[in-house]
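All remarks here apply to the structure that follows.
Each reported figure results from applying straightforward, stated rules to the coordinates on display, with no laboratory input. Note that this is a predicted model, so its numbers are computed, not measured. Glycine gets a Cβ as well: all are built from the backbone with ideal geometry, and neighbour counts include every protein chain shown.
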Amino acid sequence: MKPNRSSWILRAFLIAVACLLVESDPALAQLGGGTQIVFDPTMFARQMQQLQQETTTVTNLAQQLQYVIKNTTGGGAGVWQSNQNLLTTLGNLINEQEGLSYTAQGLTQQFQQLYPGYNTATTAGVQSPRATTETTLNTLNGALASAQAQAQDFQAEQASLQGLELKNQTAVGRLQAIQVSNEIALAQVQQVQMLRQLVMAMMNSQNVAAADKLNNQVQSSLAAQALFSAPPSAGIPDIFHDAPPPPQP
């Protein structure tokens, strides 16, 4: 069992007293042919004063040592945890809803195939209006699901913040306080990441919705142009050229 600070100071005090008694030369006097020790109160007072000063010095050193121990004691780290899995899950929610997500492989090619109005020079692989509408609605639904998943994580975030607050209140030294500050900084970076993911989901939804609207306009315009520029079908008379002449009076 380690001795506490009081017993350690008392031991230092006794050692200092012993050293002073050993080093001090007693005053001697000869009376009637014999040698007797003469007590000098002044010298004793000086020795007591010196001993008190040394005791104060030892006490201050012990306090400084305690401060050093506290300031170099860790224990405020470990609250922060990576949220990479959560970010990945949020990004994949739109795909799970069968929408067009920013996390999809070959996103540019899928976008061009789904919305052929993006490139009017080709109509290869044209999707039906119903398919594009369903994909757009699924994308919007996936974005809502991503936002909902973030909201459901608020409880876990509050628990982490409460843990940081407890460590902040119980920090006993400089190192623990610094570690808590670092944990708070890491939590702030995570919040910025979550905000960026939410902005990306919103951009994803807005772009898909805008693409669907523009694609419908382009398809309608192309259909109208094809109708007016198509030649008359065989077997259908031209009302202006093939009509019989009017009867003569």
Where the only charges are on Cβ atoms (+1 Lys, Arg; -1 Asp, Glu), what is the dipole of region 84-228 about its Cα centre, to the nearest 20 debye? 240
Region 211-230 and region 131-174 have their Cα centres apart by a whole-number Å value of 43
Relative contact order as a percentage, region 84-228, C-alpha pairs under 8 Å and 6+ apart, gives 34
